[in-house]
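Everything on this sheet refers to the single structure shown next.
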Amino acid sequence: MNRINVTKSFLPPKEEYEKMLERVWQSEWLTNNGPLLVELETTLQKKLDLPYFAITSNGTIAIQLAIKALNLSGEIITTPFSYCATTTSILWENLKPVFVDIREDDLNINADLVEAAITDKTSAILATHVYGNPCDVEKLESIGKKYGIKIIYDAAHAFGVEYKGKPLLSYGDMSTCSFHATKVFHTVEGGCVVCHDKELFERVKLMRSFGHVQDDYYLAGVNGKNSEFHAAMGLVNLGHLDSIIAGRKAIFGIYDQTLNWNKLYKPTEVATDLKYNYAYYPIVLEDEDTTLRVIKALQAENIYPRRYFYPTLNTLQYVPETYYCPVSESVSPRVISLPLYPDLDHGIVNKIAEIINAQL
Ligand SMILES: *Cc1c(COP(=O)(O)O)cnc(C)c1O
């Protein structure tokens, strides 16, 4: 059997991409906010009904730009259960990550524990909508208002998710997303920053392009732009988004029906009024031994799930202080994401569930 990975990047029909590229050869404009990039940016901004939307070269630089544009200082409260980019973006800006533990049900930051971690140095909360399930955005927003601190969401998993009738990307002072090849919607490499304030938006755009406009140099920026080739992939892939999500949903349903739920659980959406994007299929097993046994049994059949997220970020050796996050430390060694992509054969999905059940 061919190797089955946790994900497989979506590739549109080649002709569609080639057709889009004809426009690049016509314009002879390859990067620096060319016509395709602007078209993708405008299309997404309108489709998601967001006020200010800037495409970036990836989802990590998007978080870095958000932190920089908000001019944050001191400490940022964050989650230990995310991809390392959430933590490293804070460290990269020479700020201090302060880890607050997660909830056991949806594995998002536990908003009830946030207030106790706020000090006079806290400037923001950077939380991840893990697997595309919304954080407790209402509670976090009220904490942000009460203490005058900013809320940033790493919404890298959240493209296509709607919460209470609004895109999840629209919550917080700022949200960032990733359009990396492995995500639900991708531009090969790419990402975006969302905000709700014109001045902030202008600063993000300036910082994204080295901090200068032609011969006027305003600030020390960075290169966070994206290219026409990436935008072309995004414009083509947008046309396939509905069928990508539908294909994922079908596989979701099979896992839901076939896994032995007495011995494991799925981090689920606590939030109601949710339109989900079926970004990941994580399961939490009973203990780490079972987890490693399940991984081994799957690998023996050339199936490669991913320990996502492992390890818990508060334990990374470059985190300067020790934080105790018992829930994240308990869950992280026993969570795996199962293969999930639209053209994954349904027979194989059943087989994956059988292999897992046999090890429980
Ligand atoms: C993918 C991802 C990122 C990084 O995005 P890139 O586009 O790969 O830089 C950041 N945070 C989370 C939670 C992610 O899953």
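The values are calculated or read from the model by the stated rules, or taken from the named source; none is laboratory data. Predicted, not measured: the structure shown is a model, and the values here were computed from it. Because the Cβ atoms are built from the backbone with ideal geometry, glycine has one as well, and the counts that use them run over all protein chains shown.
Check A85, A54, A66, A62 and return the single one that is more than 13 Å from the ligand (Cβ to nearest atom) and either charged (D, E, K, R) or in the same structural domain as H186 (by TED's automatic domain parsing) (or both).
The conditions single out A54.
If Y131 passes every condition in (1) in contact with a strand residue (DSSP E or B) (Cβ under 7 Å, 6 or more places away or on another chain); (2) more than 13 Å from the ligand (Cβ to nearest atom); (3) on the phi > 0 side of the Ramachandran plot but one, which one does it miss?
For Y131, the failing item is (2).
Check off (1) under 25 Å from P267 (Cβ atoms); (2) more than 11 Å from the ligand (Cβ to nearest atom); (3) surrounded by 24 or more Cβ atoms within 10 Å (Cβ to Cβ) for D136 and give me the number that stays unchecked.
Condition not satisfied by D136: (3).
Going through the stretch 158-180 one residue at a time, which ones are near the ligand (Cβ under 10 Å from one of its atoms) and either β-branched (V, I, T) or in contact with a Leu (Cβ under 9 Å, 6 or more places away or on another chain) (or both)?
Once the filter is applied, which keeps residues that are near the ligand (Cβ under 10 Å from one of its atoms) and either β-branched (V, I, T) or in contact with a Leu (Cβ under 9 Å, 6 or more places away or on another chain) (or both), the stretch 158-180 yields A158, T176, C177.
Going by the conditions given, is N262 of a type outside the set (D, E), exposed (fewer than 14 other Cβ atoms within 10 Å of the Cβ) and in contact with a strand residue (DSSP E or B) (Cβ under 7 Å, 6 or more places away or on another chain)?
no
Which residue pairs have Cβ atoms closer than 8 Å, lie 6 or more positions apart in sequence or on different chains, and pair a first residue in the stretch 44-66 that is over 22 Å from G221 (Cβ atoms) and free of Cβ contacts under 8 Å to residues at least 12 places away in the same chain with a second residue that is within 12 Å of the ligand (Cβ to nearest atom) and not in a helix (DSSP H, G or I)?
Close Cβ pairs (under 8 Å, with a partner that is within 12 Å of the ligand (Cβ to nearest atom) and not in a helix (DSSP H, G or I)) do not exist here.
Please tell me if A353 is at pLDDT below 95, surrounded by 18 or more Cβ atoms within 10 Å (Cβ to Cβ) and either under 19 Å from the mean Cα position of the chain (by Cα) or in a helix (DSSP H, G or I) (or both).
So A353 does not fit the description; no.
Quick check on the stretch 121-145: of everything there that is touching a residue at least 12 places away in the same chain (Cβ under 8 Å) and among the charged types (D, E, K, R), which residue is farthest from F81 (Cα to Cα)?
Filtering the stretch 121-145 for residues that are touching a residue at least 12 places away in the same chain (Cβ under 8 Å) and among the charged types (D, E, K, R), the one farthest from F81 (Cα to Cα) comes out as K121.
Filter the stretch 139-157 for residues that are part of a strand (DSSP E or B) and within 27 Å of G234 (Cα to Cα); which is farthest from the ligand (Cβ to nearest atom)?
I152
Return the only residue of L235, L206, L241, L274 being surrounded by 13 or more Cβ atoms within 10 Å (Cβ to Cβ), aliphatic (A, V, I, L, M) and modelled with pLDDT under 95.
L274
Looking only at the stretch 206-244, which residues are charged (D, E, K, R) and within 22 Å of the chain's Cα centre (by Cα)?
Answer for the stretch 206-244, where residues must be charged (D, E, K, R) and within 22 Å of the chain's Cα centre (by Cα): R208, K225, D242.
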